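Read the structure below first, then the notes.
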Amino acid sequence: GKYDLNLAYNTSKNDFDAFMSLLPGDLLNTGREYEYDGRFRMNGWVRGMLGEGLLPDIHTEYTVENGSFHYTDYDSRLTEIGLQGIFEYRPQDQQSSSFRCDDFKAKLRDQAFAGHFYYDDIADPMVDCDLSGKLSLADLREFYPAFAERSQASGSVALDQAVRGR
């Protein structure tokens, strides 16, 4: 059957478990245990026909506050995670579909970094990403298990990068 949807939603502040459950299943799967915390909220709508071969338009605005993440066997922690952005999916007009993170910030141990990430036009993707701040390579190595096992990085990196293109 076909269903004509016109749904609006508005979440209150939810725990970070609910936000993490929205991410693709294998995104964080490294074979290691991890812990996370924080709050998020979302609002938006779903409109259009749903049925065989039909998907409705989706508009979501999201905010993450006070997020944290770390692998339990490693000392480095990603803290003070903040995200704010919009996800829009229009199956009939993929050029206007996008995932936007207008504001991203976090700390890895005591080093802060911030930026934005835009992924526009799903039919012919355009990426726009800026990242600035400072990272300790030892902290990065200790944060992510694959780096910890395969590198001996030390020192720090000042970030001021921009990536734009298809």
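Quick notes
- The stretch 78-142 - Kirkwood radius from inverse mean 1/r over Cα pairs (Å): 13.1
- With q set to 0.20 Å⁻¹, the log10 of I(q)/I(0) for the chain, from the Debye formula over equal scatterers at the Cα positions, is -1.39.
- Around the Cα centre of the chain, unit charges on the Cβ atoms of Lys, Arg, Asp and Glu (plus for the first two, minus for the last two) sum to a dipole of about 120 debye.
- Each residue, M126 and R164, gets one label point 7 Å from its Cα in the Cβ direction; the gap between the two is 1.0 nm.
- Take every Cα pair under 8 Å whose residues are at least 6 apart in sequence, average their separation, divide by the length of the chain, and the relative contact order is 15 percent.
- In this structure, the amide hydrogen of T11, modeled 1.01 Å from its nitrogen in the peptide plane, lies closer than 5 angstrom to those of M42, N43, counting only residues at least 5 positions away or on a different chain.
- As a calculated quantity, the FRET efficiency between L137 and L54 at R0 = 35 Å, using C-beta atoms, amounts to about 0.10.
- The gain in end-to-end length when the N43 to Y9 segment is fully stretched comes to 11.7 nm, 0.36 nm per residue minus the alpha carbon separation.
- Dipole of the chain, positive end: most advanced residue of C101, Y71, S136 [Cβ charges, Cα centre]: S136
All of the numbers you see were taken from the coordinates with simple rules; none came from a lab. Note that the structure is predicted; figures quoted are calculated from it, not measured. Cβ sites come from the backbone with ideal geometry, for glycine too, and all protein chains shown count toward neighbours.
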